[in-house]
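Have a look at the structure below before the remarks.
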Amino acid sequence: MAVELTSKRYRVEDLDAVEFCFQQGWTDGLPVIPPTPERVEAMLAAGRLDPKQEIAFITNRSVSITAEKVAINAVMAGCRPEYMGVVIAAVEGIGDPAWGYHGPGTSTGGAAVLMIVNGPIARQLDINSGDNLFGPGWRSSLTMGRALRLVMRNVCGSIPGLLDRGTLGHPGKVSYVIAENEAESPWTPLHVERGFRPDQSTVTVMAAEGPHQFYNQLSPDAEGVLTTLADSMQHSGGAGRQPQYVVALAGEHMRTIAGSGWTKKEIRQFLFDRTQNSLAHLKRTHRIPGEVQPGDESKMRPIVASPEDFLIVAAGGRAGSFSSFIPGWGSGNSSRATTKEVKR
Amino acid sequence: MEILDPTVEAATQPIAYVDRPGSLKGKRIGLIENTKYNSDKLLLKIGEILKKDYGASETRLFRKHNASVPAHEEIIVEVRKTCDVIVAGVGD
């Protein structure tokens, strides 16, 4: 079926196409695949999408993100056509008012978009849920996240140094995609906790800092491992500013915690109880203003508003006594993780 | 080779600006506070200066839901009714 692509066309010599994209300011600093009409059409066909279809509308930018623009950027990022459904769901996620594009798309806080893929699609597309979880090595993981960031750059205008004013940023702003290790996890998958069926595929997006790794090789039970985790999390981020956290529990820790019979709900409650800081400590360490007042030593502030604000996923290599936590971006309810179904 | 533009061609959108007042004398000032730490203090200080040095009649402070969102509808409605001039600030 012929589709009508309405984007402006440029004619360039084959050998110069990549360089042309750099010159136009269309890349993230790495070479891109030149977005020819044929490649873009294949991407749209795989997603069964009309090029004019609006995937998201970013209110603050007055920008409509169409399927055609997502497809062009997905080609440039190196996606295979079958990745299109995941990229589309991620774009829907960052377009949700609850995600609040304006903050994480611009803020000095330097958030990346952490994408967590659940359901059958994660295994079908070989999205990494194991060794080297946040690192290189998987085309699907690296190109899908890159596609989303190129959409943010090229369609929404979040260009580093211009609209994207992250003070530090982090490498996850190139791509930041993981899957939950549902095949080996003893727990309810994240998307099921968030209201989807196990056989549905979803993408959860959270505006996020980089992954913080912690180490515990000593504990034979859940309480020991999670005590180390809670201690590491307690003073992270803004120590009470972050709307949410993701906790990625890798193979050894996952098995140790599950061996104690703990569910994700119990993990969340333990972390909620053990990561609170006294107002006195937050004042002494200049995280909140004011002099320490009588009673401040025993007035406790949790690092998130509710235990539900810890998003627990089983992910990471089978070997090694490491897991990680990821503080979300912002404060209060300025940006909440959203979960969208991958439609096929 | 032919390649497609990945960017959005900006849609033109006319924006009508209200005429700027020639003077602030007797004007009612709305202060739109974005919830960032000290932004209320800074705006109130500015409001005091506008009253003392420029003759504005009064100031009213409005608080957004958070720094990342535009002023919500209730603020806009109230500002239309009760203010002649607004000052919106970003504090970081």
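A short reminder: the numbers here are calculations on the coordinates, not readings from a lab. These numbers come from a predicted model, not from an experiment. Cβ placement follows ideal geometry from the backbone for every residue including glycine, while neighbour counts extend to all protein chains displayed.
Note on residue B:19 and residue A:50: the model spin-label points, each 7 Å out from Cα along the C-beta direction, lie 4.6 nm apart. Restricting the GluC sites (Glu not before Pro) of region A:285-335 to loop positions (DSSP other than H, G, I, E, B) with no more than 10 neighbouring Cβ atoms within 10 Å leaves A:291.
Remark: region A:321-334, residue by residue, has Karplus-estimated 3J(HN,Hα) of 8, 10, 9, 8, 10, 9, x, x, 9, x, 9, x, 10, 5 Hz, where x stands for each Gly or Pro and the curve is 6.51 cos²θ - 1.76 cosθ + 1.60 at θ = phi - 60°.
Modelled spin labels at residue B:36 and residue A:266, positioned 7 Å past Cα toward Cβ, are 4.5 nm from each other.
Once the Cβ-Cβ distance of residue A:223 and residue B:74 is raised to the sixth power relative to R0 = 35 Å, the FRET efficiency obtained is 0.15.
Put the Cα centre of region B:2-33 next to the Cα centre of region A:1-46 and the gap is 33 Å. Only Cα pairs under 8 Å and 6+ residues apart enter the sum, and on that basis the relative contact order of chain A stands at 21 percent. Working note: Karplus 6.51/-1.76/1.60 with θ = phi - 60° gives region B:22-28 the couplings x, 8, 8, 4, x, 7, 8 Hz, where Gly and Pro are set to x. In this structure, the amide hydrogen of residue B:61, modeled 1.01 Å from its nitrogen in the peptide plane, lies closer than 5 angstrom to those of B:31, counting only residues at least 5 positions away or on a different chain.
Among the trypsin sites (Lys or Arg not before Pro) within region A:52-141, those in coil by DSSP and having at most 13 neighbouring Cβ atoms inside 10 Å are A:52. For residue B:27, the aspartates and glutamates whose Cα comes closer than 17 Å to its Cα, not counting residues fewer than 8 places off in the same chain, are B:19, B:48, B:53, B:58, B:78, B:84.
Applying the Karplus relation 6.51 cos²θ - 1.76 cosθ + 1.60 with θ = phi - 60° to region A:106-122 yields 3J(HN,Hα) values of 9, 5, 4, x, x, 6, 9, 9, 7, 10, 10, 9, 10, x, x, 4, 4 Hz, where x marks Gly and Pro.
At full extension, residue A:131 and residue A:213 could sit 28.1 nm farther apart than now, given 0.36 nm per residue minus the alpha carbon distance.
Close amide-amide hydrogen proximity is noted between residue A:63 and A:58, each under 5 Å apart and 5 or more residues distant or on a separate chain (H modeled in the peptide plane; Pro and chain starts excluded). Between residue A:255 and residue B:28, the FRET efficiency from the beta-carbon distance, with R0 = 56 Å, is close to 0.30.
The distance linking region A:136-191 with region B:34-92 is 36 Å (Cα centroid to Cα centroid, whole angstrom).
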